[in-house]
2 protein chains.
Amino acid sequence: MNKKIKTSAVSGFPEYLPADQLLLDQLKQTVTATYRSFGFIPLDTPVLERREVLLAKAGGETEHQLYFLENNSDNLALRFDLTVPLARYISEYSGALTFPFKRYQVAKVYRGERPQKGRYREFYQADIDIIAEGVLPLSAEAEIIKVIATVFEKLAIGSFTIKISNRKLLSGLLASLDLSAAATEILRILDKLPKIGAESCQAELKKLGVDSLASSQILALASLNGDVLAGLEELDIKHPDFVVGLGELQELAQCLSDYGVPAANYSFDLSIARGLDYYTGTVWETFLDDYPELGSICSGGRYENLVAGFSNRAFPGVGASIGLSRLFYQLKTAGLLPEITPPVAEALVISDDRQRGEQLADSLRRRGLSVAGAYESEKLKKKLALANHWSVKTVYLLGEEELAAEEVSVKDMVSGEQKRQALSEFI
Amino acid sequence: MNKKIKTSAVSGFPEYLPADQLLLDQLKQTVTATYRSFGFIPLDTPVLERREVLLAKAGGETEHQLYFLENNSDNLALRFDLTVPLARYISEYSGALTFPFKRYQVAKVYRGERPQKGRYREFYQADIDIIAEGVLPLSAEAEIIKVIATVFEKLAIGSFTIKISNRKLLSGLLASLDLSAAATEILRILDKLPKIGAESCQAELKKLGVDSLASSQILALASLNGDVLAGLEELDIKHPDFVVGLGELQELAQCLSDYGVPAANYSFDLSIARGLDYYTGTVWETFLDDYPELGSICSGGRYENLVAGFSNRAFPGVGASIGLSRLFYQLKTAGLLPEITPPVAEALVISDDRQRGEQLADSLRRRGLSVAGAYESEKLKKKLALANHWSVKTVYLLGEEELAAEEVSVKDMVSGEQKRQALSEFI
């Protein structure tokens with residue numbers, strides 16, 4: 001016997017018991033099926049990428065979080081997101097692809113950060129993007145937002161709002177105030193607006209050297225609510241970036257309406273800034289209305305040149321990402337997951353005759369059910385306990401009596417109702 | 001502009017263009033759905049495991065093939081199969097699991113070997129296992145073999161044979177010949193029987209010091225065909241291992257018949273040995289009848305103690321593994337993949353009116369179809385070209401004329417047939 005080896009999960013690398021595993025799988029299936037229903041293809045790039053690819057656009061923090069492989073001539077590391085691999089893929093295969101290229105990828109990514117509750121080192125991301133060659137119409141943004149709204153509607157985890165902004169509005173305002181150089185710091189302060197409030201933001205802006213007139217204008221923009229489009233027009237800012245951004249937001253509003261995205265599912269909110277550098281226009285974050293404390297559960301936006309660094313050609317795109325593992329943790333913690341455990345098997349056939357039992361099971365499988373069989377000579381009580389452990393919905397019982405009568409006892413495990421049916425209805 | 005970064009796929013890490021990606025995804029879906037239909041749950045363990053876990057039972061070659069992570073205190077490496085993670089999982093959570101524990105896992109594994117055609121460093125395995133606590137009935141072996149037969153029937157890649165043996169038969173014979181000590185070498189020679197023939201095998205056995213009478217008996221066993229069960233009885237070997245093995249094979253034959261596995265899909269073949277150490281009884285390999293040169297496309301067997309090294313308790317199991325990425329490569333090379341490219345979207349709605357178009361698309365999505373929309377003011381020809389690139393089955397056309405008449409032109413892209421339907425049939 002070897003010395004006992006540590007078999008527990010490694011911190012930050014989640015794994016689940018069957019009930020949770022089935023729930024997480026259901027979540028993944030819902031997201032994937034929704035992405036698929038809009039005509040996106042399932043791209044599947046390697047988990048490992050060349051170090052230089054991953055570091056092409058990554059900042060200092062990302063580099064510290066990368067997992068590199070030991071001694072390998074290809075200098076490989078584990079991907080930290082699904083966006084960089086997409087950019088590399090587009091750049092490499094653009095000649096063989098049809099544009100618009102619409103793909104999703106639901107897969108694991110890796111970040112060597114200190115694990116905390118709901119923050120993992122290995123976790124699922126569920127990304128969806130539309131990439132164009134040359135020009136990407138604004139309607140593509142509405143399409144991605146519609147997909148995301150459909151996903152959260154199907155997940156049935158309560159009402160949600162996709163809060164949409166356009167980067168050009170704030171950058172236009174900042175340019176008109178001669179504050180473009182401080183944009184990154186100002187964005188970082190605005191990101192905290194919902195948490196710390198306008199007064200504290202103003203104080204922080206002052207420390208940065210922004211005068212009170214300018215910071216009032218910035219905070220007025222970020223705090224707009226109600227009819228935000230009308231409010232933006234009233235601000236009457238003439239900087240061309242602002243004018244373009246407002247035009248895009250107006251067109252997006254029209255597109256969202258045309259695409260039938262329910263008005264309750266989105267709003268315009270200029271406090272949405274998004275940390276990532278590559279977004280250039282529309283950006284959004286998604287919040288559960290009753291659980292704002294969970295933070296954003298899906299973010300996305302438009303980028304004019306994803307593949308910079310890999311290719312000289314421009315491929316504008318728009319995409320969204322759901323941090324599935326984190327979302328699953330949050331939903332579970334908030335008690336928002338379905339209370340009904342998904343069944344291991346939908347039906348269990350208990351039979352004293354293995355052959356008849358398996359014939360019945362096969363006929364149920366042909367109807368699309370997942371079916372397990374229990375034919376060994378154990379106590380019936382033990383087999384029914386199995387049905388409970390597996391959250392089986394229906395038990396089909398073929399005892400001596402049923403077999404002699406060519407019948408089957410069908411037991412609904414939820415209602416407890418039981419009835420006899422002729423075997424010929426199935427086999 | 002950065003210096004151009006290498007964006008090509010890394011050798012041994014496959015990635016695919018959309019048409020192949022969709023086919024591989026279809027293959028994965030078929031395998032997964034079949035596994036699921038028998039009431040197995042989708043286990044999903046981390047890609048990274050502790051080095052000591054992976055090395056607990058691995059031989060020298062495996063250690064050389066492991067990808068270790070650089071500088072990490074948990075000493076992590078990439079899994080090389082899905083069996084060791086299963087053993088660790090069972091060992092860690094056995095108290096919280098219901099047995100029999102039936103799980104599948106379709107996921108990537110990593111081996112740092114020299115990549116060759118169809119041999120990858122990152123590849124999908126599709127594993128399915130039944131694990132018991134204490135005693136595992138022989139019917140579980142028939143169940144796994146039935147699942148595998150169902151998978152290959154559904155994949156529709158031609159007739160196949162699951163060649164089944166039982167390790168105890170050969171080991172019983174070898175024990176009765178006092179050759180147990182040379183078992184590993186003898187197995188290695190027998191593995192080559194189909195390739196090099198009986199005469200060359202006999203010569204190799206002689207080199208090993210096996211006398212001609214013994215080698216005749218060994219080769220007679222390995223070469224049995226026709227009614228193999230009767231042939232085994234005729235050999236009249238008395239060693240208890242052989243007797244037990246024969247009894248198990250007879251019982252398995254009965255079980256396979258009871259479970260309704262078509263007789264054409266399996267045979268008993270004592271030349272099947274399987275390299276892996278942990279198999280203890282029934283073992284099998286699967287071959288395409290018309291493409292024996294592809295080698296085994298699915299192997300499996302029974303193991304009495306998977307978790308040795310992790311736990312002091314015994315958890316016997318039976319399982320099978322399909323090397324999906326390799327199988328996909330082989331099927332593609334042999335021209336056995338479906339000729340019809342799976343559609344990116346099943347339907348494409350082309351409409352001059354975005355709102356009406358998307359209403360129609362939504363109604364089709366509600367019917368379970370994957371639907372893309374094309375509403376931008378481009379040439380119709382360009383949009384129809386998109387339908388071809390995406391292998392769309394049906395195009396729904398809402399031009400000015402159709403919109404005025406509240407109708408839609410429905411075009412079957414395969415037959416070219418086109419008809420008008422009232423929009424009210426959909427919306």
Paired Rg and Dmax values of region A:285-331, which use every Cα atom, in angstrom: 14.9, 45
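Normalised by the number of residues in chain B, what is the relative contact order in percent for Cα pairs under 8 Å and 6+ residues apart? Please list the in-between numbers first.
Numbers: 696 pairs, mean separation 67.2, N = 427.
Relative contact order comes out at 16 percent.
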At q = 0.17, 0.22 Å⁻¹, what is the base-10 log of I(q)/I(0) for region A:65-167 according to the Debye formula with one equal point scatterer per Cα and no solvent? Please give it to two decimals. -1.06, -1.26
Considering only chain A, pick the residue with its Cβ nearest the axis of the rotation onto chain B, and state the distance in whole Å. A:Glu70, 2
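Filter the GluC sites (Glu not before Pro) in region A:94-154 to those in DSSP coil with at most 14 other Cβ atoms within 10 Å of their Cβ, and list the result.
A:Glu113
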How do B:Thr32, B:Thr98 rank when sorted from fewest to most other Cβ atoms within 10 Å of their own Cβ? B:Thr98, B:Thr32
Considering only DSSP beta bridges whose two residues both sit in the protein assembly as shown, what percent are antiparallel, to the nearest 5? 75 percent
Summarise the partner chain shielding of B:45-51 as one whole number: the mean count of Cβ atoms from other chains within 10 Å of each residue's Cβ. 6
How long, wide and thick is region B:1-151, going by the Cα atoms along their three principal axes, in whole angstroms, largest first? 62, 41, 27
Take every residue in peptide A:9-18, count the Cβ atoms of other chains within 10 Å of its Cβ, and give the average of those counts. 6
Chain B: C-alpha gyration tensor shape, a/c 1.5 cut-off, then a/b vs b/c: prolate
Between region A:233-271 and region B:163-195, what is the separation of their alpha carbon centroids in Å? 74 Å
With the cut-off at 22 Å, tell me which of the pairs A:Lys102/B:Lys28; B:Lys28/B:Lys332; A:Lys117/A:Lys393; A:Lys379/B:Lys102; A:Lys102/B:Lys382; A:Lys146/A:Lys238 have Cα atoms farther apart than that. A:Lys117/A:Lys393; A:Lys146/A:Lys238
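Taking neighbour Cβ counts within 10 Å as the exposure measure, how do B:Phe426, B:Phe123 sort from fewest upward?
With the fewest neighbours first, B:Phe426, B:Phe123 line up as B:Phe426, B:Phe123.
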Could you work out the equivalent-ellipsoid semi-axes for region B:209-327, taking the square root of 5 times each eigenvalue of the Cα gyration tensor, largest first, in whole Å? 24, 21, 17
Using a 7 Å Cα-to-Cβ projection, B:Tyr278 label spacings across copies, nm, ascending: 3.9
What lysines sit close enough to B:Lys57 to cross-link, taking a C-alpha to C-alpha distance under 16 Å and skipping anything fewer than 8 places away on the same chain? A:Lys3, A:Lys4, A:Lys6
Reach of A:Lys206 by Cα under 17 Å, taken over lysines that are not fewer than 8 positions away in the same chain: A:Lys192
Have a look at B:Asn71, B:Asn305, B:Asn265 and tell me which one the Gaussian network model of chain B (Cα, springs below 10 Å) gives the largest fluctuation. B:Asn71
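Just order B:104-111, A:163-170 by mean Cβ neighbour count inside 10 Å, highest at the front, would you?
For the peptides B:104-111, A:163-170, the packing ranking is A:163-170, B:104-111.
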Report the Cα-based extents of region A:105-223 along its three principal axes, largest first, to the nearest Å. 45, 41, 30
Using a 10 Å cut-off on Cβ to Cβ distances, tally the other chain neighbours for every residue of A:368-377 and report the average as a whole number. 4
Mean residue ellipticity (222 nm) of chain B, computed from DSSP H runs ≥ 4 via -39,500 (n - 2.57), nearest 500: -12000 deg cm²/dmol
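Convex hull volume of the Cα atoms in region A:347-425, per residue, in Å³?
Each residue corresponds to 85 Å³ of Cα convex hull volume.
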Would you mind calculating the relative contact order of region A:1-157 from Cα pairs under 8 angstrom and at least 6 residues apart, reporting the percent as a whole number? 27 percent
On alpha-carbon atoms, Rg over Rh for region A:1-88 using Kirkwood Rh? 1.07
With just the Cα atoms of the protein assembly as shown, tell me how far they stretch along each of the three principal axes, in Å, largest first. 100, 61, 52
Given q = 0.11, 0.21 Å⁻¹, what are the Debye log10 I(q)/I(0) values for region A:240-393, with equal point scatterers placed on the Cα positions and solvent ignored? -0.71, -1.32
Considering only C-alpha atoms, what is the centroid distance from region A:1-61 to region B:71-90, in Å? 15 Å
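Return the ratio Rg/(2.2 N^0.38 Å) for region A:225-294, where Rg is computed over Cα atoms only. Provide the component values of the computation, followed by the final result.
Details: Rg = 13.4 Å, N = 70, 2.2 N^0.38 = 11.1 Å.
Compared with the compact-globule rule of thumb, region A:225-294 sits at 1.21.
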Please compute the Cα-Cα pair-distance distribution of region B:49-124 with 10 Å bins starting at 0, giving whole percents from short to long. 17, 44, 30, 9, 1
Tell me which DSSP H helices of chain B clear both cut-offs, 20 Å or more of axial length from alpha-carbon atoms and a mean Kyte-Doolittle hydropathy of at least -0.5. B:18-37, B:139-155, B:240-258
Fewest-first sequence of A:Val392, B:Val283 by Cβ atoms within 10 Å of each Cβ: B:Val283, A:Val392
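State the antiparallel share, in %, of DSSP beta bridges confined to chain B, rounding to the nearest 5.
Antiparallel bridges: around 75 percent, rounded to the nearest 5.
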Which percent of Cα pairs goes in each bin when the distances of region A:174-213 are cut into 5 angstrom slices starting at zero? 6, 25, 35, 24, 9, 1
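Any read-out appearing in this document is the output of simple, stated calculations on the displayed coordinates, not a laboratory observation. Treat the numbers as computed from the prediction; the structure is a model and nothing was measured. When we count neighbours, we look across all protein chains shown, and the Cβ atoms used for this are built from the backbone with ideal geometry, even at glycine.
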